[in-house]
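Working notes, structure below.
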Amino acid sequence: MRESESGSLLVVYYETFLRDHDIENFQQQVSVRYTEGTLARLIESGNLAARRAGILALGLLGTMESNAIVARALRDNDSTVRDLADNALWAIWYRADTPENNSMLEQVRLLIRHDRLADAVTRASRLIVLAPNFAEAYNQRAIAHFFQGHFQESAEDCQRVLERNPYHFGALGGLAQCQLRLEQRREALKTFRRALRLQPFSTGLRQAVSSLEAEDQ
């Protein structure tokens, strides 16, 4: 099947999903017909509908192999593509390790949600021992530290996330917030600028940069 035909079929699946709202059917159809590499190429070369469909599909099926490609879609001119890319990246990051470690990560997230922050730090630290390259494990520990007011520890974990996943806009935002609370305003400005390069359409990031730049004058 030529790539143009492949893109057209993907769009048909996507339009069916938009009509029927059956995400499981969309996932099944795509998984039978498409490889991750083909979806990635369609995102970069396809028309608008193909880009939207490809991002949605990679959010369901993609791995860290597609991390950079999906992250580039955060700069797409189409707001729907950007929103789909945002959601797809979180989905990819949450399932970036083994099923067992991904399940342990979900336990950490639930502990944070229930305000059991010390337990979340302990569980995340155990996960990091098991999976030292699992970026999202550090990010969840950073979140737990932040909510406890441990801003230096949280900032250090955000840096560890970014060493492993430079496209992690959540860690960039978290790092900038830690730097503000640590009175490192020039460092926070640098971090917000880096985040804005990933998400140039973000009004919140643009306002944060403008505000800090005004202070620096």
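A few remarks follow.
- The range 48-139 shape via C-alpha gyration tensor axes, a/c threshold 1.5: prolate
- Three-way shape call for the range 157-217 based on the alpha-carbon gyration tensor, with the a/c threshold at 1.5: oblate
- Neighbourhood net charge (14 Å Cβ-Cβ; Lys/Arg +1, Asp/Glu -1) for residue 152: -2
- Charge tally in the Cβ shell below 14 Å around residue 114, where Lys, Arg are +1 and Asp, Glu are -1, residue 114 excluded: +1
- Value of [θ]222 nm, deg cm²/dmol, for the chain, DSSP H segments ≥ 4, -39500 (n - 2.57) each, nearest 500: -25000 deg cm²/dmol
- Shape category assigned to the range 61-217 from the gyration tensor of Cα positions, a/c cut at 1.5: oblate
- With K and R counted +1 and D and E -1, the other residues having a Cβ less than 14 Å from that of residue 26 yield a net charge of -1.
- Highest mean packing comes first when the peptides 136-143, 65-72 are listed by Cβ atoms within 10 Å, giving 136-143, 65-72.
- Helix axis angle, 79-94 relative to the chain longest principal axis, alpha carbon, degrees: 70
- The angle between the Cα long axis of helix 151-164 and the main principal axis of the chain comes to about 30°, on a 0 to 90 degree scale.
- Helix 36-45 and the longest principal axis of the Cα set of the chain meet at an angle near 90°.
- Relative contact order computed over the chain (Cα-Cα under 8 Å; 6+ residues apart), in percent: 12
- A 1.4 Å probe run over the range 17-109, with the rest of the protein chains in place, finds 49 Å² accessible per residue.
- For the range 182-217, applying the loop criterion from DSSP together with a ceiling of 16 other beta carbons within 10 Å to the GluC sites (Glu not before Pro) yields 183.
The values are calculated or read from the model by the stated rules, or taken from the named source; none is laboratory data. This is a predicted model, so every value here is computed, not measured. Reconstructed Cβ throughout: ideal geometry from the backbone, glycine too, with neighbour counts over all protein chains shown. Only protein heavy atoms, including side chains, enter the accessible area calculation; ligands, DNA and RNA are left aside. Shrake-Rupley method; radii C 1.70, N 1.55, O 1.52, S 1.80 Å.
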